Amino acid sequence: MSQPDIDKIYMHYTILRDSLKVTGRGYKSPAQSRLLKGTIFEVQTDGEYNTNSLETRNELDDLIILSMFSVFETWMHDLVLNQMGVLKTILPADFGARLYEYVEKEIEWWKNKDVIHFFKCMTPGTNSKMLQIKDYRDWVAHGKKIGKKPINTDPETVYTAISSFISETDLALRHPNPQHHSHP
């Protein structure tokens with residue numbers, strides 16, 4: 001995943017969020033109420049709109065968080081697989097190739113918290129935040145029913161955390177630091 005993938009999701013989110021704001025203005029001004037013609041909002045009262053738009057905004061926030069984290073998961077898996085390409089160089093070659101194929105097949109079943117932990121040496125500033133976001137993503141993805149509600153988050157926080165995590169990782173991979181090779 002490149003940064004533009006997350007940027008695009010976040011841009012779509014801001015467009016939808018701002019569209020709700022613009023729609024709300026149609027209820028506040030008779031001159032702008034024509035904007036509501038031919039839409040679901042035409043038959044809603046101002047109070048109904050306020051209730052529905054708040055619920056819609058909350059659902060939109062959760063779905064955007066889910067979307068951004070899903071793309072982030074793919075990025076992590078792709079990066080790990082790319083780094084694991086070294087397995088293909090193990091001799092005998094057939095052994096290395098089979099080992100890589102196994103990792104490639106099984107990575108989808110790895111726990112995200114474990115994969116995030118792999119990056120801890122490169123992303124000390126954002127690693128714990130990503131684990132909190134993963135917990136929130138899991139809660140949303142599983143119908144908001146598993147366990148107690150995790151620490152609340154919002155699309156802007158998720159966007160910033162993912163962007164920082166990717167930047168920190170890219171920097172660490174481009175400019176390896178000998179400290180990054182130590183094991184905790």
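Read the figures in this text as sums done on the coordinates, not as results from a lab. If you're wondering where the values come from, they're calculated on a predicted model, not measured in any experiment. When we count neighbours, we look across all protein chains shown, and the Cβ atoms used for this are built from the backbone with ideal geometry, even at glycine.
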Considering only the other residues whose Cβ falls under 14 Å of the Cβ of residue 142, what net charge follows from Lys and Arg at +1 and Asp and Glu at -1?
-> +3
Apply the Karplus parameterisation 6.51 cos²θ - 1.76 cosθ + 1.60, with θ equal to phi minus 60°, to every residue of region 131-140 and state each ³J(HN,Hα) to the nearest whole Hz, in sequence, with x for glycine and proline.
-> 5, 5, 5, 4, 4, 5, 4, 4, 4, 5
With a Förster distance of 35 angstrom and the Cβ-Cβ distance between residue 164 and residue 111, calculated FRET efficiency to the nearest 0.05 equals 0.95
Summing +1 for each Lys or Arg and -1 for each Asp or Glu, what net charge is found among the other residues whose Cβ lies under 14 Å from the Cβ of residue 10?
-> -4
Neighbour-count order for 142, 117, fewest beta carbons within 10 angstrom listed first = 142, 117
For 102, 27, order by how many other beta-carbon atoms lie within 10 Å, fewest first | 102, 27
Can you run the Rg to Rh ratio on the chain? Use alpha carbon positions and the Kirkwood inverse-distance Rh.
-> 1.13
Mind checking the dipole of the chain: about its Cα centre, +1 per Lys or Arg Cβ, -1 per Asp or Glu Cβ, Debye to the nearest 20?
-> 380
Please give the length that would be gained between residue 102 and residue 14 if that part of the chain were fully extended, namely 0.36 nm times their separation in residues minus their C-alpha to C-alpha distance (nm, one decimal).
-> 27.7 nm
First measure r as the distance between the Cβ atoms of residue 157 and residue 91, then evaluate 1/(1 + (r/R0)^6) with R0 = 35 Å and state the FRET efficiency to the nearest 0.05.
-> 0.15
Report, in debye and to the nearest 20, how large the dipole of region 1-108 comes out about its Cα centre when Lys and Arg carry +1 and Asp and Glu carry -1 on their Cβ.
-> 600
Can you work out the base-10 log of I(q)/I(0) for region 94-138 at q = 0.14, 0.26, 0.27 1/Å, using the Debye formula on its C-alpha atoms alone?
-> -0.45, -0.88, -0.91
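Per DSSP H run of n ≥ 4, the term is -39500 (n - 2.57); total these for the chain, divide by its residue number, and report the mean residue ellipticity at 222 nm rounded to 500 deg cm²/dmol.
Result for the chain: -22500 deg cm²/dmol, rounded to the nearest 500.
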Residue 25 paired with residue 51, simple spin-label distance in nm, labels 7 Å along Cα-to-beta-carbon = 2.7
Could you sort 36-47, 150-161 so that the peptide with the highest average Cβ count within 10 Å comes first and the rest follow in order?
-> 150-161, 36-47
